[in-house]
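Student: One structure, pasted below without further comment.
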Amino acid sequence: MKKTLVFSLALALVLSVTTAAFAFTAPTVGSFAYNMYNILVVNILQGAIGMVAGILCLCFGAYMIVQGKLFGAVPALLAGIIVFEAPNMATVFGLTL
């Protein structure tokens, strides 16, 4: 019990002291890695390939739920949501990707 309390207080202290937040903005034309960002995020994830992949993942997850296989459905549904939200995640998570 005491170790858990000490760990919780130490974690709270560390989290309360953090001041810098790392953010990532989408690269502008001519900057480093703009072409890679443009191809991966804009053309693939926001394009037809990303839309089809997200819909297929969601449909497969729904199919697995109907069969009652939740351990197969949850990862498929999460993958579909991640594919749809990947462009937002690329800028929100920034340096942690």
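Bear in mind these aren't lab numbers, they're just calculated from the coordinates by the rules spelled out. In this text, all values refer to a predicted model and were calculated from it rather than measured experimentally. Don't worry about glycine lacking a Cβ; one is built from the backbone with ideal geometry, like all the others, and counts go over all protein chains shown.
Student: Can you tell me how much longer the chain between Val52 and Ile81 gets when fully stretched, taken as 0.36 nm per residue apart minus their C-alpha distance, in nm with one decimal? Can you show the working numbers first?
Tutor: Numbers: separation 29, 0.36 × 29 = 10.44 nm, distance 1.23 nm.
Gain on extension, Val52 to Ile81, equals 9.2 nm.
Student: Would you please calculate the Kirkwood hydrodynamic radius of the stretch 25-96 over all C-alpha pairs and express it in Å, rounded to one decimal? Mind showing how you got there, number by number?
Tutor: Details: mean 1/r = 0.0752 Å⁻¹.
This gives a value of 13.3 Å.
Student: Roughly what would the spin-label model give for Gln67 and Leu13, points 7 Å off Cα along C-beta, in nm?
Tutor: Those two pseudo-labels are separated by 5.2 nm.
Student: Using θ = phi - 60° and the Karplus curve 6.51 cos²θ - 1.76 cosθ + 1.60, what whole-Hz ³J(HN,Hα) does each residue of the stretch 70-83 get, with Gly and Pro shown as x?
Tutor: Result, ordered by residue: 5, 5, x, 7, 4, x, 5, 5, 5, 5, x, 5, 5, 5 Hz.
Student: Pop out the ³J(HN,Hα) list for the stretch 8-13 in order, Karplus 6.51 cos²θ - 1.76 cosθ + 1.60 with θ = phi - 60°, rounded to Hz; leave Gly and Pro as x.
Tutor: Per residue, the Karplus-derived 3J(HN,Hα) values read 5, 5, 5, 5, 4, 5 Hz.
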